[in-house]
1. When the helices in the chain are scored as -39500 (n - 2.57) per DSSP H run of 4 or longer and the sum is shared across all residues, what 222 nm value do you end up with, to the nearest 500 deg cm²/dmol?
2. Given axes a ≥ b ≥ c from the Cα gyration tensor, I'd like to know whether the range 74-120 is rounded (a/c under 1.5), prolate (a/b larger than b/c) or oblate.
3. Roughly what % of DSSP beta bridges within the range 8-54 run antiparallel, to the nearest 5?
4. Quick one, can you get me the convex hull of the C-alpha atoms of the range 8-54 expressed as volume per residue in Å³?
5. Whole-Å semi-axes of the chain's equivalent ellipsoid, largest first, each the root of 5 times a Cα gyration tensor eigenvalue?
6. Just to be sure I understand the model, the point goes 7 Å from the Cα along the line to the Cβ. What's the resulting VAL120 to ASP11 distance in nm?
Amino acid sequence: MIGRLHAVVLDCPDAEVLAAFYAELTGLTRRPGSPSDWIILDGRDGEPRLCLQEVVGYRPPRWPDPGFPQQMHLDVEVADIGAAEPRVLALGARLLQGGGGRNSGFRVYADPAGHPFCLVWGQD
């Protein structure tokens, strides 16, 4: 091993909005003292798990348009997609077409800044 994963960093137009979205979605907590344009969300162990970086002129990916590729995505495991989907949509996510479905074990969404992410279930 050369190193360990320190954090995943997402560019976005508004770090405050995206930090609130991912904190509610994943249970990660905002690190005290994080500036509003570089917010660190920590896991229960205090290690950084997700960083939100505000970028001027941000251009979101467009799923599944190869001209605006997704660049990266997060998989968020849920126990019950029927309970999780309305909650994630209420947070500001959008369901995306072109991937996953009712019986596939995953569905693709966009976060409030347009980053694709998946809710996954039954992946034992």
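1. On the way: 2 runs with 22 residues, N = 124.
Taken over the chain, the calculation gives -5500 deg cm²/dmol.
2. Details: a/c = 1.65, a/b = 1.20, b/c = 1.37.
Since a/c reaches 1.5 but b/c is at least a/b, the shape of the range 74-120 is classed as oblate.
3. Numbers: 7 of 12 bridges.
Here the antiparallel bridges make up roughly 60 percent for the range 8-54.
4. Working: hull volume 2.6 nm³, N = 47.
Given the Cα convex hull of the range 8-54, per-residue volume reads 56 Å³.
5. Details: eigenvalues 106, 66, 43 Å².
Equivalent-ellipsoid dimensions as semi-axes: 23, 18, 15 Å.
6. The two pseudo-label positions are separated by 2.5 nm.
Computed from the coordinates by the stated procedures, all read-outs in this text should not be read as laboratory data. What you are looking at is a predicted structure, and each value in this text was computed from that prediction instead of being measured. With ideal geometry, Cβ positions are generated from the backbone for all residues, glycine too; neighbour counts draw on all protein chains shown.
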